[in-house]
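Just below is one structure, and these are the notes that go with it.
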Amino acid sequence: MSRRTGFFFDEHCFWHAAGLHALVLPFGGWLQPPSSAGHAESPESKRRLKSLMDVSGLSQRLRLSSAPMAAEEDLLRVHPADYLQRFKAMSDAGHGELGEEAQVGPGTYEIARLSAGLAVAAVDAVLRGELDNAYALSRPPGHHCLPDRGLGFCYLANIAIAVETARARHGVKRVAVLDWDVHHGNGTQTIFYERDDVLTLSIHQENCFPLGQGHPDERGQGRGLGYNLNIPLLPGSGDDAYRYAMERLILPALERFRPELIVVACGLDANGVDPLARMLLHSESFRSLTTLVRDAADRLCNGRLVMVHEGGYAEAYVPFCGHAVIEVLAGVRTAVSDPFLPMLEGQQPSAEARAFQRQCIDRLATRFELDV
Ligand code: ZN
């Protein structure tokens, strides 16, 4: 069944640059200055996703649009005014550091507001019923950002801003945020940690980034106790572990919570060739995960599903993963076939490793009392 799927993007989002880096570190000392690729968080993986959508014909099946920058009142629901002022001053000066791995370049403030604005507009259009579902190609990403501190290439908490705006404008009461970026969704977790109206779920590589965070014992606090679920997976987990975790942990948690809207922090960096993580997913894994969450949204919230782009640093491969995700959202299958798929399918963990990974996930189910 084809759907009215929105795709929110803007060329300006590709024009943010954090300065000269080799992978994620400023060069110097023993680290040689970068080649042309420079910083891992470059626009290229995002731009190539859009390019692939254009040549495959997928773009033509979607409702494409940009959006205004997120309004100041929308930002202020999540970020304190002095943080925003500090951010704007650095951006106007053309350089600065808002936190660990959150370097600011010329115009970063306006571009980050636009990135958040794409997420706000995507959620708004779905809640208005203008679209069935939507994908926001936000850049810079948002899920590591704390209210008063940038972190890990993130300057504004895009999804939290969109969720809070949806609550204020549309009176939405229960929102689930599923974060399948390979890194822990620490910012979203922190912002909603004491809340029982926003369920935050993060499936990530154990102890990858931020170091030492994303433990299963972090379950929320006060009213929010039980409304945060961390699912750390072992490095080297592949298609089977992710699907099993989805069926065993994530879908039951969503069924219990009964959200009115599901937002996915759609990082594509759990793919098998990503330079910033050690997982083994491929485009068909992302197709399966999206199908599972889309079907859950159909059952629970009239299909109201919004995906907001987060990480994904393998320039040649991210486009195939994102393309599969957006095909599923739109209910369209184009002629694109993933040329890396045979290699990555061949590199999946052995039967023994898969069995052990499933045992670890079973132990989490017991710990979360999802079995009762
Ligand atoms: Zn990531």
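The values are calculated or read from the model by the stated rules, or taken from the named source; none is laboratory data. Keep in mind the model is a prediction, meaning the values are calculated, not measured. In this analysis, Cβ positions are derived from the backbone assuming ideal geometry, glycine residues included, and neighbour counts consider all displayed protein chains. Only protein heavy atoms, including side chains, enter the accessible area calculation; ligands, DNA and RNA are left aside. Shrake-Rupley method; radii C 1.70, N 1.55, O 1.52, S 1.80 Å.
List the GluC sites (Glu not before Pro) within segment 109-169 that fall in a DSSP loop (any state other than H, G, I, E or B) and whose Cβ has at most 16 other Cβ atoms within 10 Å.
Here the GluC sites (Glu not before Pro) that fit, given the DSSP loop and packing criteria, are GLU130.
Between segment 138-179 and segment 1-67, how many Å separate their Cα centres?
Going from one Cα centre to the other spans 19 Å.
Along the charge dipole of segment 208-353, Cβ charges K/R +1 and D/E -1, which of MET246, VAL263, GLY226 sits furthest on the positive end?
GLY226
Compute the distance in nm between two label points, each set 7 Å from the Cα along the Cα-to-Cβ direction, one at ALA365 and one at SER66.
In this crude label model, ALA365 to SER66 measures out at 4.8 nm.
Tally Lys and Arg at +1 and Asp and Glu at -1 over the other residues with C-beta under 10 Å from the C-beta of VAL264: what net charge comes out?
Local net charge: -2.
What whole-number distance in Å separates the alpha-carbon centres of segment 303-372 and segment 84-101?
Segment 303-372 and segment 84-101 have Cα centres separated by 35 Å.
With all protein chains present, how much of the accessible area of segment 1-123 (probe radius 1.4 Å) comes from carbon and sulfur, to the nearest whole percent?
58
Take each complete run of DSSP H in the chain, measure how far its Cα atoms stretch along the helix's own axis, and keep only those covering 20 Å or more with mean Kyte-Doolittle hydropathy at least 0.5; list them.
108-128
Suppose all protein chains stay in the model; what accessible area per residue would a 1.4 Å probe give for the chain, in Å²?
Spelled out: the 1.4 Å probe surface of the chain, per residue, equals 39 Å².
For the chain, modelled as a GNM with alpha-carbon contacts under 10 angstrom, which of SER337, SER285, SER66 fluctuates the most?
Looking only at SER337, SER285, SER66, the largest GNM fluctuation is found for SER337.
Among all the aspartates and glutamates, which ones have a C-alpha under 12 Å from LYS173's C-alpha, if same-chain residues fewer than 8 places away are not counted?
GLU164, ASP196, ASP197, GLU260
Which one of GLU11, GLU97, GLU352 has the biggest mean-square fluctuation once the chain is modelled by GNM with Cα springs under 10 Å?
Highest fluctuation among the options: GLU352.
Defining a contact as two alpha carbons under 8 Å apart and six or more residues distant in sequence, what relative contact order in percent does segment 1-108 show?
31
Given a 1.4 Å probe and the protein chains all in place, what does the accessible area of ASP196 round to, in Å² to the nearest 10?
For ASP196, solvent-accessible area is about 50 Å².
For segment 82-164, give the magnitude of the charge dipole about the Cα centre (Cβ charges: +1 Lys/Arg, -1 Asp/Glu; no others), in debye to the nearest 20.
With Lys and Arg at +1 and Asp and Glu at -1, about 80 debye.
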